[in-house]
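Asker: Structure incoming, see below.
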Amino acid sequence: MDRNGRDDIKVENGYDLEDDHDHKKKDKKEEQEEELSVERIFENQEVPSWRNQLTLRAFVVSFVLSILFSVIVMKLNLTTGIIPSLNVSAGLLGFFFIKTWTKFLEKSGLLKQPFTRQENTVIQTCVVASSGIAFSGGFGSYLFGMSETVAKQSTEDSDAFKNPSLSWMIGFLFVVSFLGLFSVVPLRKVMIIDFKLTYPSGTATAYLINSFHTPAGAKLAKKQVKALGKFFSFSFLWGFFQWFYTAGDGCGFVEFPSLGLKAYENKFFFDFSATYVGVGMICPYIINISVLLGGILSWGLMWPLIDTKKGDWYSADLKSSSLHGLQGYKVFIAIAMILGDGLYNFFKVLSRTLTVLFFQLQRKDATGALPIAGRSSPETSRISYNDQRRTQLFLKDQIPTWFAVAGYVAIAAISTATLPHIFPELKWYYILVIYIFAPALAFCNAYGCGLTDWSLASTYGKLAIFVIGAWAGASHGGVLAGLAACGVMMNIVSTASDLSQDFKTGYLTLSSPRSMFVSQLIGTAMGCIISPCVFWLFFKAFKDLGTPGSQYPAPYATVYRNMAILGVDGFSSLPKNCLYLCYGFFGAAILINLIKDALGKKWARFIPNPMAMAIPFYIGSYFAIDMCVGSLILFIWEKIDKAKADAFGPAVASGLICGDGIWTLPSAILALVGVKPPICMKFLSRRTNAKVDAFLGS
């Protein structure tokens, strides 16, 4: 899910250009074995036309799964911001639902159209596009960062806020979420066929879908769905059981001081979250270890030490939530690490992208003409049967370049006219400047994602915060203008890389580019309605949403707002000595990345990820314990039976995440109708317990 590298971290497979070098070393025999053609297996199956790939049943299933995954992504957004890839779950559940549907119709003699891998790809594309809006819509970051709840947590610009409302959120998403789709359509042929970009997540998803539709793969998929269903049920029932013990603040299993009361005070405890155990099973080991290291460094060492400076570095009379006190160090040092890591990777991916692009353009087209859609590709000496078949069908259904350009210009014009009415601080000329540069940035992000599987959508968004916020200035609503500009930029570059990944998946499953584009459009439209509605449910059901220490603290909303304040007001908003600490951690994030790249693959996997380390700085390490438990379960499972762990690990993890995530819906509905849990389970120290007993006995 997603498309990795965003700093509301979305974790997926990494890819390195060194892999290309390794490929070239393969001898011909290995290449021939590798090419034992996937398409030969499917050559007797007729490929449906692009219209027949877009079925009503596919979009019904997509709609149901979109609600499921939007709830899960929203919950993760509002708790920690760590979002694992849910592509496996989307593909698996899409296959399961349609297969069940078609089997029933086949038995009753009503089946008119068999279930194909192209239809499976359409479902996958639609669901990922829809649930992707729950991330790029900024409900846990820039959009909620505009709210009064988050604004009151800082003294600067606390009167500059815009509270969430269903009407303007849906309107905003509809005018900004489609531009990225039109911006990369003319260059789809360059990236998929001419440059043969890898798009590791899109490729992995395609192989998964292709495997489902072979006899052996269908048998395994059935077992995987069974495992997913079993752990989904367990996770849902576990969430339901825990609810009974949460009648008040600080009650329930989520407040269990499993490592002792002192550790609990410093946010070190196992909170029995099935979601984050599942996330830990999907995320790479180094991400989980990085989060834990960040928690130990911050809550175990730094914050207790800075707390001893109370009265010297900051006033002892400040509230715990004041950004001029300890809270300020937590937020701004986290921001420094996030920016250091984000900017390093931005320039790394951008330089790699431009270098490879330069050499590929020289090699591919000596005439200097860019091979966009509609122009023929250069001849290649030997093309495998797979590539021949895939290229033929990928080029069969063209999307006219004029249509993409006209669509971009029309939506940009509507958006430029509409957005200043939603955000008066965001002037039309700010939006125009963003839209002039956006196609180039969207292409860079999509191209870089194809090379590295690393989407830098949130980094581009942060650049927009600083540039537009500083341009507008504090007196002209720079904070809100910067946050709104972040949303515009993030949505464009995020959807561009998502569509490029989907084109790659479509290419490898013989799905038409037209069906991919239409599916992405419909999925995006679904997301523009579903995601705000899901967020609205959270917003109305949980009154302390966005409050530090609550069930849903929305940490990135505070981080993004304070970035906007930093961009507008400069360093004057920082507490004493905080700037020097920020410089140190900004530099440390860059240094860690440099060391990681210098060491090479063998040792780089042992170097922590600065972005992941920064997350617990603000919210604590409790979720890191859960994630490490998930890692430990997977590690032991791999030692006992690696083949089974590889086959069923993602399904088990997805079941844990989905079950607990879906319990959030009935939990929110119960809160809305005023049904409260009957029991409060609380943990007290012996001394406090004696005082309570004495009070009750008097």
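The values are calculated or read from the model by the stated rules, or taken from the named source; none is laboratory data. As the structure is a prediction and not an experimental result, all values here were calculated from the model. Because the Cβ atoms are built from the backbone with ideal geometry, glycine has one as well, and the counts that use them run over all protein chains shown. Just so you know, the surface numbers come from the protein's heavy atoms only, side chains and all, with ligands and any DNA or RNA stripped out. Shrake-Rupley method; radii C 1.70, N 1.55, O 1.52, S 1.80 Å.
Asker: Could you compute how much accessible surface His421 exposes when probed at 1.4 Å, giving the result in Å² to the nearest 10?
Answerer: Looks like 150 Å² after rounding.
Asker: Can you pull the percent of the chain's accessible area that's carbon plus sulfur, 1.4 Å probe, other chains left in place?
Answerer: Working: 18780 of 29050 Å².
After summing per-atom areas, the C and S share lands at 65 percent.
Asker: Another question about this same structure. Cross-link partners among lysines for Lys540, C-alpha distance below 20 Å, same-chain residues fewer than 8 apart left out?
Answerer: The reachable lysines, counting only those whose Cα sits under 20 Å from Lys540, are Lys75, Lys152, Lys162, Lys676.
Asker: Just add up the charged neighbours of Gly549: K/R +1, D/E -1, any other residue whose Cβ is under 10 Å from the Cβ of Gly549.
Answerer: My count for the surroundings of Gly549 gives -1.
Asker: State to the nearest 20 debye the size of the charge dipole of the chain about its Cα centre, where the only charges are +1 on K and R beta carbons and -1 on D and E beta carbons.
Answerer: Around 980 debye, computed over the chain.
Asker: One-quarter of the Cα convex hull surface for the chain, in nm²?
Answerer: Taking a quarter of the hull surface, the average projection is 32.6 nm².
Asker: Turning to a different aspect of this structure: Could you give each residue of region 419-431 its phi-based ³J(HN,Hα) in whole Hz, using Karplus coefficients 6.51, -1.76, 1.60 with θ = phi - 60°, and x for Gly or Pro?
Answerer: 4, x, 6, 7, 10, x, 5, 8, 5, 4, 6, 5, 5
Asker: Which one, Gly527, Asn445, Leu93, is farthest towards the positive end of the dipole of the chain when Lys and Arg carry +1 and Asp and Glu -1 on their Cβ?
Answerer: So the residue we want is Leu93.
Asker: Just subtract the alpha-carbon distance of Thr401 and Leu599 from 0.36 nm times their residue separation and send over the number in nm, one decimal.
Answerer: Details: separation 198, 0.36 × 198 = 71.28 nm, distance 4.37 nm.
Full extension of this stretch gives 66.9 nm more.
Asker: Read phi for every residue in region 137-154 and hand back ³J(HN,Hα) as whole Hz from Karplus 6.51 cos²θ - 1.76 cosθ + 1.60, θ = phi - 60°, with x for Gly and Pro.
Answerer: Karplus values, whole Hz, x for Gly and Pro: x, x, 5, x, 9, 5, 5, 6, x, 7, 6, 5, 4, 6, 4, 5, 7, 10.
Asker: Additional query: What's the local net charge at Ala263, with K and R +1, D and E -1, over the other residues with C-beta under 15 Å away? Please report the intermediate quantities before stating the final value.
Answerer: Working: positive: Lys262, Lys267; negative: Glu255, Glu265, Asp271, Asp626.
Spelling it out: positives minus negatives among the neighbours equals -2.
Asker: Shifting gears a bit: Can you give the net charge of the other residues whose Cβ lies under 14 Å from the Cβ of Trp303, counting K and R as +1 and D and E as -1?
Answerer: With Lys, Arg at +1 and Asp, Glu at -1, the neighbours total +3.
Asker: Roughly how many Å² is the accessible area per residue of the chain, as a whole number, for a 1.4 Å probe?
Answerer: Each residue of the chain exposes 42 Å² on average to a 1.4 Å probe.
Asker: Okay, moving on. Which whole number of Å³ per residue matches the convex hull of the alpha-carbon atoms in region 508-556? Let's see the in-between values first.
Answerer: Working: hull volume 5.5 nm³, N = 49.
Per residue, the Cα convex hull of region 508-556 comes to 113 Å³.
Asker: Suppose accessible area is computed on protein heavy atoms with a 1.4 Å probe; arrange Phe240, Phe517, Phe272 from highest to lowest.
Answerer: Phe240, Phe272, Phe517
Asker: For region 139-170 and region 445-477, what is the separation of their C-alpha centers, rounded to whole Å?
Answerer: Comparing the Cα centres of region 139-170 and region 445-477, I get a distance of 19 Å.
Asker: Going by average Cβ density within 10 Å per residue, which order do the peptides 671-681, 298-308, 134-144, 89-99 take, highest to lowest?
Answerer: Most protected by this proxy first, the peptides run 134-144, 89-99, 298-308, 671-681.
Asker: Also, quick follow-up: Once phi is turned into θ = phi - 60°, what whole-Hz ³J(HN,Hα) does the Karplus curve with 6.51, -1.76 and 1.60 give for every residue of region 636-650, x standing for Gly and Pro?
Answerer: 5, 4, 5, 5, 6, 8, 5, 4, 5, 5, 5, 6, 10, x, x
Asker: OK, next. Nearest 0.05, what FRET efficiency do Ala216 and Gln388 give at R0 = 25 Å with Cβ-Cβ as r?
Answerer: After rounding to 0.05, the efficiency reads 0.50.
Asker: Same structure, new question: Hey, can you grab everything whose amide H is under 5 Å from the amide H of Cys680? Only 5+ residues off in sequence or another chain; H modelled, so Pro and N-termini drop out.
Answerer: Amide H neighbours of Cys680, under 5 Å, 5+ apart: Ala247.
Asker: Under a 5 Å amide H to amide H cut-off, with H placed in plane at 1.01 Å, what residues pair with Ile83 once short-range neighbours are removed?
Answerer: So Ile83 has HN proximity to Ile9, Lys10, Val11.
Asker: Using a 4.7 Å Cβ cut-off, which Cys residues in the chain lack a partner cysteine?
Answerer: Cys126, Cys283, Cys444, Cys449, Cys486, Cys528, Cys533, Cys578, Cys582, Cys628, Cys658
Asker: Given a 1.4 Å probe and the protein chains all in place, what does the accessible area of Val64 round to, in Å² to the nearest 10?
Answerer: 80
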